[in-house]
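Everything on this sheet refers to the single structure shown next.
The values are calculated or read from the model by the stated rules, or taken from the named source; none is laboratory data. Predicted model only: the values in this text are computed from it and were never measured. Cβ placement follows ideal geometry from the backbone for every residue including glycine, while neighbour counts extend to all protein chains displayed. Surface accessibility is based on the protein's heavy atoms, side chains included, excluding ligands, DNA and RNA. Shrake-Rupley method; radii C 1.70, N 1.55, O 1.52, S 1.80 Å.
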Amino acid sequence: MGRVVGIDLGTTFSAVAAMSADGRAEIVHNRDGKNTTPSVVLFDGDDILVGEAAKNQIASSSGDIVSYVKRHMGSRDYVFMPDSSDGSYGPEHISAFILKYLVDGASEALGEPVTDALITVPAYFDEGQRNATKQAGVIAGLNVLGVLNEPTAAAVSYGIDTGFEGTVLVYDLGGGTFDVTVMKSGRGVVDIVSTEGDRNLGGFDFDNVLIELVLREFVGRGGQPITDTAILAGLRERVEAAKLRLSTSASAPVFVSSDGMTEKIVITREQFESATIDLMLRTEYILENVVEAAGLRFADIDKVLLVGGSTRMPMVRSLVARVAGREPDTTVHPDEAVALGAAIAAEVRTAHSQNREAELAEGKTVRISDVVSHGLGVAIQSSAGTMVNYLLIKPNTTIPCQIAVDDFGTVADGQSELNVQITESDEDGCDLRYTNILGTSLLKLSQPRPAGSPIRVVFSCDIDGVLHVEVTDLADNSYVGEMEILRTATLSDAEVSDLTRETASAAVQ
Ligand code: AMP
């Protein structure tokens, strides 16, 4: 085994951390000597550029550049086809290029090969997205120790650094996703109590609103509507820069050029904040839900942590302070805390698998318990004859967990097989249309049974949130079958092997 690292594979930026010889988590610099790397990939014929070099080309090579790929993680519908080559790339493959670049850089910086990694994911990632993230790591040539929720990682890093004891709320608004998590921390333990989020809410959406504002103003001044993707890509860059500036200044200029017309459009912070109020309200709604789901009131929260680059916006700080009734703690580094916590958790997992104590500074220890972010269940026939969801594992159940239910039964006389449909949904009894079907399996009974013959279903969820299902025929206690959930969204083993070979020989730089 070479070096073990924690990787924050972010929507806009990624970071790598490793444990130092004295048991502290430290950020590993990338090849440019920076702490974070833009999660951007540029396809230049056979060459694949990642990070700053790719991001710098966004305006000139938009047809060859992929950013925000994390938003498509676990989707089989997303395929990127660069202009400059014949290749086509799915989200796991593109993410693997980012990971390979990060890991190659980390191996150089650490002076020994990085072989193992724990990769962080938004708490609200579903099973398919978690698996896709693991597959990206495998395709990048890594031994993936597992995935870890980003807010959990941030809390681990904070808890270890400060020794804080109490109830902590983490508000994590990154580039593409939003999560809120409530946890209890203290005496080397981080217990997650509840978590919720929105996988399509982040800095990217604030950029979109700003782009709309600027374009509306441009057209208002007589400019032609802009549809050219290269011009829009360049504008997105400048708009994001203006957004960053608005975090510290009352106004920021954006230059827009098209069809021979150039305009300097000044956006004020007030304009920006009133245009994005709906986005902020979405975060407020989730914030309140999470605290309620934890069975708490804001008065019970001892510490509020802000994580993710977008929490640098002053309106985020004031919203959180208003809703939580206390000023958020600003000592955690929004861009680095997640990777640092991942490195600590990676050391804890490695130590556990090697039957030794984790090597943390000053004899510190940490035990991390997490929760499932989505409910898991099976489809059953309702008394009205329609198919509905039967919730077995409620959202926010602590993992690892196992739940056995004996209430199931055959529905027809002479039934010889069971059609088991595994669902992902937070609501018990809802119509199947509102659930995500994770997998379906036709399992054979040892012999035909009359209607109503009892069946046991056991759900086990591991520490990564991955589900395992076992079915028993209670008429004779015979084992009917078990299924690891094979999702349509993720790649097959053969596809992963092919992409791993391809990525190992790819010119990623
Ligand atoms: P992350 O995914 O945590 O790296 O967050 C990246 C997001 O944070 C991007 O959308 C950035 O535009 C945004 N961001 C970073 N710094 C700032 C800032 N100073 N003000 C506003 N947004 C920021």
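Scan the range 223-230 and tell me whether some residue there is assigned to a helix (DSSP H, G or I), within 13 Å of the ligand (Cβ to nearest atom) and either touching a strand residue (DSSP E or B) at 6+ places or on another chain (Cβ under 6 Å) or in contact (Cβ under 8 Å) with a residue 40 or more places away in the chain (or both). No, the range 223-230 contains no residue that is assigned to a helix (DSSP H, G or I), within 13 Å of the ligand (Cβ to nearest atom) and either touching a strand residue (DSSP E or B) at 6+ places or on another chain (Cβ under 6 Å) or in contact (Cβ under 8 Å) with a residue 40 or more places away in the chain (or both).
Do the conditions hold for Val138, that is, is it in contact (Cβ under 8 Å) with a residue 40 or more places away in the chain and farther than 15 Å from Asp8 by Cα? It is true that Val138 is in contact (Cβ under 8 Å) with a residue 40 or more places away in the chain and farther than 15 Å from Asp8 by Cα.
When the range 47-60 is filtered for residues that are open to solvent by 30 Å² or more (accessible area, probe 1.4 Å) and of a type outside the set (A, V, I, L, M), the ones remaining, listed by number, are Asp47, Glu52, Lys55, Asn56, Gln57, Ser60. Here the range 306-332 is the region considered, the condition is being within 13 Å of the ligand (Cβ to nearest atom) and of a type in the set (Ser, Thr, Tyr), and the residue that is modelled with the lowest pLDDT is Thr330.
For the range 193-217, a tally of residues being out of contact with any Ser or Thr (no Cβ under 6 Å at 6 or more places or on another chain), away from the ligand (no atom under 16 Å from the Cβ) and open to solvent by less than 70 Å² (accessible area, probe 1.4 Å) returns 4. With farther than 23 Å from Glu217 by Cα, part of a loop (DSSP other than H, G, I, E, B) and open to solvent by less than 20 Å² (accessible area, probe 1.4 Å) as the only criterion, which of Val320, Val332, Val304, Val290 stands out? When all the criteria are applied, what remains is Val332.
Across the range 243-260, the qualifying residues are those that are charged (D, E, K, R) and modelled with pLDDT of 95 or more, and the one among them that is surrounded by the fewest Cβ atoms within 10 Å (Cβ to Cβ) is Arg245. Screening Glu284 on (1) in a loop (DSSP other than H, G, I, E, B); (2) surrounded by fewer than 17 Cβ atoms within 10 Å (Cβ to Cβ) shows it passes everything except condition (1). Could you list, in sequence order, all residues of the range 453-468 that are among the charged types (D, E, K, R) and either in a strand (DSSP E or B) or open to solvent by 30 Å² or more (accessible area, probe 1.4 Å) (or both)? Listed by number, the residues that qualify are Arg456, Asp462. Candidates are the residues of the range 1-29 that are assigned to a loop (DSSP other than H, G, I, E, B) and within 14 Å of the ligand (Cβ to nearest atom); the one that is farthest from Met73 (Cα to Cα) is Thr12. Considering Gly295, Gly220, the condition of being over 30 Å from Pro151 (Cβ atoms) and more than 16 Å from the ligand (Cβ to nearest atom) is satisfied by Gly220 alone.
The residues in the range 419-434 that are free of Cβ contacts under 8 Å to residues at least 60 places away in the same chain and open to solvent by less than 20 Å² (accessible area, probe 1.4 Å) can be counted, and the count is 3.
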